[in-house]
1. Of the residues that make up region 169-176, is at least one under 24 Å from R265 (Cα atoms) and either buried (at least 20 other Cβ atoms within 10 Å of the Cβ) or basic (K, R) (or both)?
2. Looking only at region 82-117, how many residues end up being at negative phi and either aliphatic (A, V, I, L, M) or without any contact (Cβ under 8 Å) to a residue 40 or more places away in the chain (or both)?
3. Here are the criteria: (1) β-branched (V, I, T); (2) under 23 Å from S200 (Cβ atoms); (3) touching a helix residue (DSSP H, G or I) at 6+ places or on another chain (Cβ under 8 Å). Tell me which single one I142 does not satisfy.
4. Count, please, the residues in region 30-53 that happen to be β-branched (V, I, T) and more than 28 Å from S177 (Cα to Cα).
5. Restricting to region 161-188, give me the number of residues that are within 12 Å of the chain's Cα centre (by Cα) and in a loop (DSSP other than H, G, I, E, B).
6. Quick check on my filter: what residues within region 230-257 are under 14 Å from R209 (Cβ atoms) and under 17 Å from the mean Cα position of the chain (by Cα)?
7. Scan the helices (runs of 4 or more DSSP H) fully inside region 1-116 and keep the ones with 2 or more residues being modelled with pLDDT of 95 or more and closer than 13 Å to I243 by Cα.
8. Could you count how many residues in region 12-26 are surrounded by 17 or more Cβ atoms within 10 Å (Cβ to Cβ) and farther than 21 Å from A222 by Cβ?
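The values are calculated or read from the model by the stated rules, or taken from the named source; none is laboratory data. Everything quoted here is computed from the prediction, not taken from an experiment. Positions of Cβ are generated from backbone atoms using ideal geometry, with glycine treated the same way; all protein chains shown enter the neighbour counts.
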Amino acid sequence: MSALGVNSFLLEPNRPVVFDHQIKLRRWPSRLDGFTIALLSDFHYDSFFSVHPIRQSIDLVNHLRPDMVVLTGDFVTVPISGDAAKAAAAAEPCAELLGQLRAPFGLWAVLGNHDIFSDPGRIANALAAKGIQLLVNRAVPIEKDDARFWLCGVDDVMGGFPDLVGTLKNIPSGEASVLLAHEPDYADYVSRYPVDLQLSGHSHGGQVRLPLVTPLFLPELARKYVWGLFKVGALTLYTTAGIGTVRMPVRLNCPAEITLIRLSRES
């Protein structure tokens, strides 16, 4: 039992693991085959626990040299009781660290439910000050080698005002799109629209996973597509287990995760 405790409290939460996935998309431009996206999520910054895996993740990601880094929310943690807005004070030190990430096609983010329920304006400003571009119901073209895809992001589904129709409205028919959305179960709605890939977090992968038992930490809108790669109709979804922890600094059979996604056209 002591070894189990050491692993769940000291090792898994503090040793991020790189999960490398090759994802093929039907509409992906073949000239962009091999484009890489590093996905990180659910930082829940604090100066005692999550700061350590965040720091390690930055070194690992920069060593991977991805084309782009995307961050799918929950930079801070809203307390169970007390002043939720005070939680946003963690945004500046979290952004200070994440701003050290490097990628030629930029650092992009959406907000999560903890961010929305604290002080989203302060968090948005902290990210922007460190060069992290926030996508709130917005799509931007990413161009390379005379080809492009669209990177999209929606407001948090649980506490914000997501507008997927408005986000997608200016994307030409037939062009590939990658959507950042904090909550993975939103994919059931997204799958009705021309989105090729959704990248999400929120679930923490369950955080504590025991054999034959449902994961212990499954928030609303993360109970169906908990962790990993899924097909939801024509939509491809990846849910990352994230970096930080919430409520308890514990992970078991669910390490802190950096996801490296290598994109190519489906033949």
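1. yes
2. As a first pass, look at region 82-117 and keep what is at negative phi: 83-105, 107-117.
Of the ones still in play, those that are also either aliphatic (A, V, I, L, M) or without any contact (Cβ under 8 Å) to a residue 40 or more places away in the chain (or both) are 83-92, 95-99, 101, 103-105, 107, 109-111, 116.
Of the residues in region 82-117, 24 are at negative phi and either aliphatic (A, V, I, L, M) or without any contact (Cβ under 8 Å) to a residue 40 or more places away in the chain (or both).
3. (3)
4. Going residue by residue through region 30-53, those that are β-branched (V, I, T) are 36-37, 51.
Subsequent filtering for residues that are more than 28 Å from S177 (Cα to Cα) retains 51.
Count: 1.
5. Of the residues in region 161-188, the ones within 12 Å of the chain's Cα centre (by Cα) are 179-184.
Of the ones still in play, those that are also in a loop (DSSP other than H, G, I, E, B) are 181-183.
Counting residues in region 161-188 that are within 12 Å of the chain's Cα centre (by Cα) and in a loop (DSSP other than H, G, I, E, B) gives 3.
6. T239, A241, G242, T245, C254, P255, A256, E257
7. Values: elements: 2-6, 51-64, 91-98, 113-116.
Qualifying helices (runs of 4 or more DSSP H): 51-64, 91-98.
8. Here the count works out to 2.
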